[in-house]
Amino acid sequence: MPAPIRVEADGEVFEVVAAGRDNPGAYHYHWLSGRNPDYGFTAARSDHRPPALDEHRQAIRDFLTGIDPETGYLADQEDT
């Protein structure tokens, strides 16, 4: 399994970790620079191939667009 990598996008830093051999093409994104410890997301490719670095950055940007700047959580998750 590949080692975790750090990816920066729009000034935010994430550690990207492959989900495991049972989930090829799936990755966990841990938001290291976010204000909520252990917060992040998981994304997977339907073709199971590993994303390129630019694809990781785009996944992070897509995630960040949904973040509420006041709570630091996804806007639709703030009440849970």
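Taking segment 54-76 as the range and being surrounded by 12 or more Cβ atoms within 10 Å (Cβ to Cβ), of a type in the set (Val, Ile, Thr) and free of Cβ contacts under 8 Å to residues at least 40 places away in the same chain as the test, the residues that pass are ILE67, THR71. The set of residues from segment 11-21 being surrounded by fewer than 12 Cβ atoms within 10 Å (Cβ to Cβ) and either touching a Cys at 6+ places or on another chain (Cβ under 7 Å) or at pLDDT below 95 (or both) comprises GLY20, ARG21.
Exactly one residue among PRO51, PRO24 is modelled with pLDDT under 95 and surrounded by 15 or more Cβ atoms within 10 Å (Cβ to Cβ), and that residue is PRO51. Look at (1) modelled with pLDDT of 95 or more; (2) surrounded by fewer than 10 Cβ atoms within 10 Å (Cβ to Cβ) and you find that PHE41 fails only one, number (2). For segment 31-73, what are the residues that are closer than 16 Å to ALA9 by Cβ, assigned to a strand (DSSP E or B) and of a type outside the set (Gly, Ala, Ser)? Scanning segment 31-73 gives TRP31, PHE41, ILE67. Scanning segment 35-45 for residues that are touching a strand residue (DSSP E or B) at 6+ places or on another chain (Cβ under 7 Å), touching a residue at least 24 places away in the same chain (Cβ under 8 Å) and not hydrophobic (A, V, I, L, M, F, W, C) yields TYR39, GLY40. Look at segment 8-31: where a residue is farther than 19 Å from ARG45 by Cβ and a partner is of a type in the set (A, V, I, L, M, F, W, C) and modelled with pLDDT of 95 or more, sitting 6+ places away or on another chain with Cβ atoms under 7 Å, you get ASP10/LEU64; GLU12/TRP31; GLU12/ILE60; GLU12/LEU64; VAL13/LEU32; TRP31/PHE14. Does GLN58 meet the test of being at pLDDT 95 or above and not hydrophobic (A, V, I, L, M, F, W, C)? In short, yes.
The values are calculated or read from the model by the stated rules, or taken from the named source; none is laboratory data. Treat the numbers as computed from the prediction; the structure is a model and nothing was measured. Counting neighbours? That spans all protein chains shown, and the Cβs are built from the backbone with ideal geometry, glycine included.
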